[in-house]
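Q: Take this structure, written in structure tokens, and hold onto it; I'll ask about it next.
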Amino acid sequence: MALVVTDAVVATMQGGTGLIPSGAVVLRDGRILWVGASDRIPDEYQDIERHSCDGRLVTPGLIDCHTHAVWAGSRAAEFEARLNGASYEEIARAGGGILSTVAATRAASESDLIAATLPRLDQMIASGATTIEVKSGYGLTVADELKMLRAARALERLRPIHVVTTHLAAHAVPPDYKGRAADYIAEVAIPSLRAAHAEALVDQVDAFCEGIAFSSQELAPLFSEARGLGLPVKLHAEQLSDRKGAVFAAAEGALSCDHVEYIGPDGVAAMAVAGTVAVLLPGAFYSLHETQLPPVAAFRAAGVAMAVATDLNPGTSPMASLPLAMNMACTLFRLTPAEALLGATVQAARALGLTDRGSIAPGQRADLCLWDATHPAEIAWRIGGPKLHARIFGGRLDA
Ligand code: DI6
Ligand code: FE
């Protein structure tokens, strides 16, 4: 299988957007072989089938590095309650919020969960995603966490998408462990991680470090278990308050700290030293009517890479479109359009510990997006993004 994409505005995402105004990309056997000017395609590739982009923008396939895409049930009533004055934390403490999705997810079978997820997955694909991360965290028993991870793994067999699975049993303390968070970690989170790893269901480990969830002290045994299993860690840190989660996670060598609106200078410095990526999730900020902005200028000054993701979930970010998240990252957080696109490609790959995708360069996976656009800034500029003209997944055009 080989294909040459020609007459494209190619955003290679190497050294910024790395724009090639009239570019071509040679693909073979699921990999990128060559990228350069359309009139410089080497002779050895002259016989390969060509697809003209007629001047359209081509980017790497987008990478959504933070989603809770698998869930059952609805949170529309909670949305209304919040508009009537209840806060996200009040609802959570009263047993709603994440725990209401837990009840619905426990009641669903694996195939129910897959069926509920596919329409959301199709929206992500239609918006340009070629790799997505999917977390567990709405099961909170060993069996239900495994069921979620199996459903997440199944998605890859049903659609042209790469799925990175994340164990997030430390998302909330279930009612039967109320006030016993450390026991929950020991009796459910760690055993479910071991079982998921034994079944090859888990690629990385995440947790929610927050007043309504877990402290870093409670999470330490889980992260050390992850290390023992050779699994990378990441953390929902400083979303609603500064719990010093980023300092803890960076010291554990975390791939990313996510949300980070309330992070302090100590957290930023720790992330810079560890090379931990800041994953910005403007959909949750928007939905929760947050006013505390993530310290974008401090991340830039410290050289902390910033990724952008949807945080697709029923509570705080019912949003499947990465281009919309990129628009929000620019409008709400003041990222530049180039930073937002880097955030959904190069930096998102880093946040997942993946080196084989995120840019258009020889050796990278042949996952590309062809947009009805002519400049990379258009993806973030248009609210919801320009139309995806076609998608190339594993070197195959699936227009
Ligand atoms: N922070 C979030 O924004 C999501 N999880 C988390 O730890 C929200 C999940 C939910 O409300 O269902
Ligand atoms: Fe999240």
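The values are calculated or read from the model by the stated rules, or taken from the named source; none is laboratory data. Computed from a predicted structure; not experimentally measured. With ideal geometry, Cβ positions are generated from the backbone for all residues, glycine too; neighbour counts draw on all protein chains shown. The area values use the complete protein model at the heavy-atom level, side chains included, leaving out ligands, DNA and RNA. Shrake-Rupley method; radii C 1.70, N 1.55, O 1.52, S 1.80 Å.
Q: At q = 0.06, 0.09, 0.13, 0.14 Å⁻¹, what is the base-10 log of I(q)/I(0) for the chain according to the Debye formula with one equal point scatterer per Cα and no solvent? Please give it to two decimals.
A: Computed log10 I(q)/I(0) values: -0.22, -0.50, -1.03, -1.18.
Q: Heads up, I need the accessible area for Phe214: 1.4 angstrom probe, whole protein in place, Å², nearest 10.
A: 0 Å²
Q: Where a Cα-Cα gap under 18 Å defines reach, which lysines qualify for Lys147, not counting those fewer than 8 residues away within the same chain?
A: Candidates past the 8-residue exclusion: Lys135.
Q: Determine the share of segment 62-351's accessible area contributed by carbon and sulfur atoms, expressed in whole percent, with a 1.4 angstrom probe.
A: Carbon and sulfur: 57 percent of the exposed surface of segment 62-351.
Q: Can you give the % of DSSP beta bridges in segment 62-351 that are antiparallel, to the nearest 5?
A: 5 percent
Q: Accessible area of Val296, 1.4 Å probe, to the nearest 10 Å²?
A: Number for this one is 10 Å².
Q: Which of the peptides 95-103, 273-281 is most tightly packed, and how do the rest follow, going by the mean number of other Cβ atoms within 10 Å of each residue?
A: Order by mean packing, descending: 273-281, 95-103.
Q: Can I ask one more? Going by Cα centres, segment 43-81 and segment 300-323 are how many Å apart?
A: 14 Å
Q: Along each of the three principal axes of the Cα atoms of segment 339-399, give the extent in whole Å, ordering the values from largest to smallest.
A: Between the extreme Cα coordinates on each principal axis of segment 339-399 lie 29, 27, 16 Å.
Q: Also, quick follow-up: How large is the accessible surface per residue of segment 1-75, computed with a 1.4 Å probe and reported in Å² as a whole number?
A: Computed with neighbouring chains in place, this is 40 Å² per residue.
Q: Counting heavy atoms of the protein chains only and a 1.4 Å probe, report the per residue accessible area for segment 232-307 as a whole number of Å².
A: Heavy-atom SASA per residue in segment 232-307 reads 34 Å².
Q: How do Arg150, Arg40, Arg75 stack up against each other in accessible area, from largest to smallest, with a 1.4 angstrom probe?
A: Largest accessible area first, the list is Arg40, Arg150, Arg75.
Q: Can you give me the pair-distance distribution of segment 183-313, C-alpha pairs, 10 Å bins, whole percents?
A: 13, 44, 33, 10, 0
Q: Please give me the summed charge of the neighbours of Ile185: other residues whose Cβ is under 11 Å from its Cβ, Lys and Arg +1, Asp and Glu -1.
A: Neighbourhood net charge equals -3.
Q: Net charge within 14 Å of Asn84 by Cβ-Cβ distance, Lys/Arg positive one each and Asp/Glu negative one each, not counting Asn84 itself?
A: Once positives and negatives cancel, what remains is -2.
Q: Through the Karplus equation 6.51 cos²θ - 1.76 cosθ + 1.60, θ set to phi - 60°, convert the phi angles of segment 97-112 into ³J(HN,Hα) values in whole Hz; use x for Gly and Pro.
A: Using θ = phi - 60°, the values come out as x, 3, 5, 6, 5, 4, 4, 5, 6, 4, 6, 8, 7, 4, 6, 4 Hz.
Q: For n ≥ 4 DSSP H runs only, could you compute -39500 (n - 2.57) per run for the chain, divide by its residues and tell me the 222 nm figure to the nearest 500?
A: -10500 deg cm²/dmol
Q: With every protein chain in place, what's the accessible area of Ser52 (1.4 Å probe, Å², nearest 10)?
A: Spelled out: Ser52, probe radius 1.4 Å, area about 50 Å².
Q: Still on this structure, please answer the following. In terms of Cα to Cα distance under 19 Å, which aspartates and glutamates are near enough to Lys178, apart from those fewer than 8 places away along the same chain?
A: Lys178 reaches Glu89, Glu90, Asp144, Glu145, Glu187, Glu210, Glu218.
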